[in-house]
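Down below is the structure, laid out as structure tokens.
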Amino acid sequence: MVAITFFGLLLITFLIGRIVPIDPVLSMVGDKASAETYEAAKIAMGLHLPIWQQFFIYLGKVLQGDLGVSILTSRPVLEDIIRVFPATFELAIIATILGVVLGIPLGVFSAVHRGSFIDHAGRVVGLLGYSLPIFWLGLIGLMVFYAHLDWLPGPGRIDVFYEDIVDPVTGMMLIDSIIAREWEIFRNAVSHIILPAALLGYFSLAYISRMTRSFMLEQLRQEYILTARVKGVPEWKVIWGHALGNCAIPLITVVALSFGTLLEGSVLTETVFAWPGLGLYLTNSLLNADMNSVLGSTIVVGTIFLGVNLFSDFLYKVMDPRARN
Amino acid sequence: MKRLLILACLVVIGVAQVAYAKTPKDYLVMGFAIDDIITLDPAEIFEFSGAEYAANTYDRLINYDVDNVSDIYGGIAESWDISEDGLSYTFNIRKGMTFASGNPISADDVVFSLQRVVALNKGPAFILTQFGFTPENMADTIKKLDDYTVQVVIDQPYAPTFFLYCLTSTAGSIIDKKLALSHEKDGDYGHAWLRTGYAGSGPYILKKWKPAESLTLDRNDGYWGEKANLKRVMIRHISEPATQRLLLEKGDIDIARNLERNDIEGLETNPDVKIVSRPKGGIYYLGLNQKNEYLQIPEVRQALKYLIDYKGMADTFLKGRMTVHQAFLPNGFLGALTETPFSLDVEKAKELLKKAGLENGFTITMDTRNTEPVPSMALAIQANFAQAGIKLEIIPGDGKQTLTKYRARNHDIYIGKWGPDYMDPHTNADTFARNPDNSDEANFKPLAWRNAWDIPEMTKVADAAVLEKDTKKRAEMYLDLQREHQQVSPFVIMFQDIEVIAERNNIDGFILGPSFDSNFYQHTVKK
């Protein structure tokens, strides 16, 4: 099943990449190159072959972990992705933590106090987070907290003159600066990640709280809740122990999906914040008709999604005895 | 208590300002869209930002004065002689110079660098190979006479400035032979390595390139010429003009390179920032495909030239960024024609269309890339055309998309920008006024070819002009050529580019030259 999905993903991304009316050779040789230069590059890129042959060559290479060479960076695409991915990962992790830590209690409160002020406020917050374009929020955030209040630094992962001081170990600036004991840089990196992570966290919070609320409402209607209350179990234990405990399993899927979406969905946020991760890499590749990078990033994102789904299915089975059969 | 609170507030504000202010004193930090850089090898660089990088990190045999283009002076070459027959150029290399690696610069490096461009045959190779160099003959045509003398033999007695200007382009950069060859793989002249590496001798040296992210240059302390003032130049890729403006206003960058008109207007009132501008070589034009039945008609071509509100556009949304210019040589080039015979004249256009039997107008498409200011221009042109009954359908696309179509001659009208490759007038004459073979299989595909404009006669005139050695006479020839071209060609040339940048008030000496590869960081100071 996974193999078929993966094959489909490859085929579709490959076809889209070849159908778009953009000439990848042109982006390689430039507008003014001679006909011979152009032809030579075309052959070097294998674009003179029939399309099915190109696909199988590509497939063969991908299976060996070779995603081709990027036009934009002149380096293997896989190497590029490994280089830029930690920045996205770092951002997504922090955003997801924010989403979980704030989103689940908010969802629980909303469900318990259904119809109350907290519930309505929570739903408005959730709705806004779900419907406002995140890049727009990003720009507003920059205007307010950077331009006007001067509380936070501007776009980028770190102030420009701190670049290249810390050696990349994990590729994650927060961790690398701790390893290098460069506290000034750590502080700078923290201040830079606050705004984008808060925005993405808000997006994730909106989704998680909404789902938590509906799972909780369903649980609270169940008879065992009534039983527990009748038996005199304290109310906090009924809610946070029994009801939420039974929501945990579907919530894992929700959190996993939200995390997957953050890994891939932060394209616009990364562009607004000049955050050098996978999203920005993908945007730049698209704008430069760098098809190998576009295909490579799409495959990586697709694979992550597949992986996240598989992982949450696996957890499901571990935690819920009913799913094992 | 109240006083304590105020004090606390002041401390917080102070800390915040110290924490987020501002660029270090010996750094130049620049916001610039540099995602067009795909290679750092001067034999391959053919993009705007890449060319600027090479101009600041590599030396060339010769240079020209950015304020007086006709003043050509020595770089790596101290002096040069041209033989009587105009075919042989002898360059005397300055002694005592070294590359950033510490290797001395000698005739071997010069010969290697030029031969390398020919042998690799990448995008910009034609700038040299148009003088008849081939991988087969380059051992004889580009050779060392002794350790500090190089002789180059070209195939025809062109105007000397033509060849010299070509040597001032990126393709003429001098590369450290020893260093490049130490990274050679399968006889690639070190190309694979140099695409991301550095082997030059310029005032700045490459520290780090993160594609589409940042470019860091450090001062070359061993530079043979006048050393750069600032220790480091950091260029940060920021594609959003609004973000660049924000960063500039906050002092997080010193120079913003890609601003839109409204950003510039907004910055004009900011006392911390100054706006600097300089006319560039870029030309905006319409290309009218001669494969189209309407556009073939000479009266229609003339009519369209009268259906553009040149002045209106230049005075409104293009203000400060473009000047009206209607000939293929940009102002500042030898023989540039500054006459602007066309202006919006709907009546005249209608008359011409009537003569062509098209008094009711016609419908036509225009391929338009979707980056400003091109879409705004397209909309203005659409409205002007409509006044004479011509229905213009705009087909938007991104740069690579529209270009692919244009290169295949599948457009009706294409609205585009052309930047000259070197400072000699032949660069634009070659593309706008020459088309040796109009067949679909042609090898040489200049802009005249892309618009299917068959001009054997004009090609001959352009060929004669590049051979003329008398500079004054040569300029006359180009003026005549442009006057004719202006009237009959399928090109509606409209504007010449002006580059506008905004810099913090404490920045001085950033040089904006006349071409995209003559912007220099070396003399920049921070007060």
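The values are calculated or read from the model by the stated rules, or taken from the named source; none is laboratory data. Not measured: the values here are computed from a predicted model. In this analysis, Cβ positions are derived from the backbone assuming ideal geometry, glycine residues included, and neighbour counts consider all displayed protein chains. The accessibility values were calculated without ligands, DNA or RNA, using every heavy atom of the protein model including side chains. Shrake-Rupley method; radii C 1.70, N 1.55, O 1.52, S 1.80 Å.
Quick notes on this structure:
- Residue-wise HN-Hα coupling along region A:305-311, computed from phi with Karplus coefficients 6.51, -1.76, 1.60 (Hz; x: Gly, Pro): 4, 4, x, 4, 5, 4, 5
- Relative to its residue count, chain A spans a Cα convex hull of 186 Å³ per residue.
- Averaged over residues, the count of other Cβ atoms within 10 Å places the peptides A:107-118, B:197-208, A:252-263 in the sequence B:197-208, A:252-263, A:107-118, highest first.
- Base-10 log of normalised Debye intensity for region B:51-206 (one unit scatterer per alpha-carbon) at q = 0.11, 0.21 Å⁻¹: -0.39, -1.59
- Fraction of antiparallel bridges per DSSP, the protein assembly as shown only, in percent to nearest 5: 75
- Computed with every protein chain present, the accessible area of A:Trp136 is close to 120 Å² [probe 1.4 Å].
- Largest accessible area first, the residues B:Phe126, B:Phe133 order themselves as B:Phe126, B:Phe133 under a 1.4 Å probe with ligands, DNA and RNA left out.
- Selection among A:Ala256, B:Tyr306, B:Val324 by position relative to the dipole of the protein assembly as shown gives A:Ala256 as farthest towards the positive end (Cβ unit charges, Cα centre).
- The charge dipole of region B:186-301, taken about its Cα centre with unit charges on the Cβ of Lys, Arg, Asp and Glu (plus for the first two, minus for the last two), comes to roughly 300 debye.
- Magnitude of the charge dipole, region B:344-401, Cβ model with Lys/Arg +1 and Asp/Glu -1, debye to 20: 140
- Label-point gap, in nm, between A:Ile165 and B:Asp146 - each point 7 angstrom along Cα→Cβ: 5.2
- Remark: chain A carries 48 Å² of accessible area per residue (probe radius 1.4 Å; ligands, DNA and RNA excluded).
- Degrees separating the helix A:278-287 axis from the principal Cα axis of chain A, which is the longest one: 40
- Which of B:Ala180, B:Thr161, B:Pro135, positive extreme of dipole for region B:133-207 (C-beta unit charges): B:Ala180
- Carbon + sulfur, % of accessible area of chain A - ligands and nucleic acids excluded, 1.4 Å: 71
- Electrostatic bookkeeping for A:Leu72 treats Lys and Arg as +1 and Asp and Glu as -1; over the other residues with beta carbon under 13 Å from its beta carbon, the sum is -2.
- For A:147-153, mean number of other protein chain Cβ atoms within 10 Å: 3
- Tensor-based shape of region A:179-325 (alpha-carbon gyration tensor, a/c under 1.5 rounded, otherwise prolate or oblate): prolate
- Computed 3J(HN,Hα) for region B:146-155, one whole-Hz value per residue from the Karplus formula 6.51 cos²θ - 1.76 cosθ + 1.60 where θ = phi - 60°, is 8, 4, 10, 9, 10, 10, 10, 10, 9, 7, glycine and proline marked x.
- Shown for chain B are the DSSP H helices of 24 Å or more along their axis, judged by Cα atoms, with a mean Kyte-Doolittle hydropathy of at least 0.0: B:2-20.
- Shape call, region B:79-139: gyration tensor on alpha carbons, a/c limit 1.5: oblate
- From the Kirkwood radius over Cα pairs of region B:408-525, Stokes-Einstein at 37 °C and 0.692 mPa s returns a whole-number translational diffusion coefficient of 196 µm²/s.
- Estimated buried accessible area (total), pair B and A, 1.4 Å, Å² to nearest 100: 4300
- Solvent-accessible area of B:Asp309 with every protein chain in place, 1.4 Å probe, in Å² to the nearest 10: 50
- Three-way shape call for the protein assembly as shown based on the alpha-carbon gyration tensor, with the a/c threshold at 1.5: prolate
- Accessible area of chain B divided out per residue, in Å², using a probe of 1.4 angstrom: 39
- Partner shielding of A:156-162 amounts to 5, given as the average count of beta-carbon atoms from other chains within 10 Å of each residue beta-carbon.
- Distance in nm between pseudo-label sites at B:Asn360 and A:Ile12 (7 Å out along the Cβ direction from Cα): 4.8
- Shown for region B:132-279: the carbon plus sulfur share of the solvent-accessible area, taken with all protein chains present and a 1.4 angstrom probe, equals 46%.
- Cα centroid of region B:82-97 to Cα centroid of region B:302-370, whole Å: 45
- Normalised by 2.2 N^0.38 Å, with N the number of residues, the alpha-carbon radius of gyration of chain B equals 1.05.
- With the highest mean first, a sort of the peptides A:180-187, A:297-304 on other beta-carbon atoms found within 10 angstrom per residue produces A:297-304, A:180-187.
- Exercise: per-residue mean of other protein chain Cβ atoms within 10 Å, B:138-151: 0
- Counting only Cβ charges, +1 for Lys and Arg and -1 for Asp and Glu, the dipole size of chain A around its Cα centre is about 1480 debye.
- Across the accessible surface of region B:429-527, with the other protein chains kept in place and a 1.4 Å probe, carbon and sulfur atoms take up 52 percent.
- Chain-alone versus full-assembly comparison, region B:428-465, residues with accessible loss of at least 10 Å² (1.4 Å probe): B:Asn443, B:Arg450
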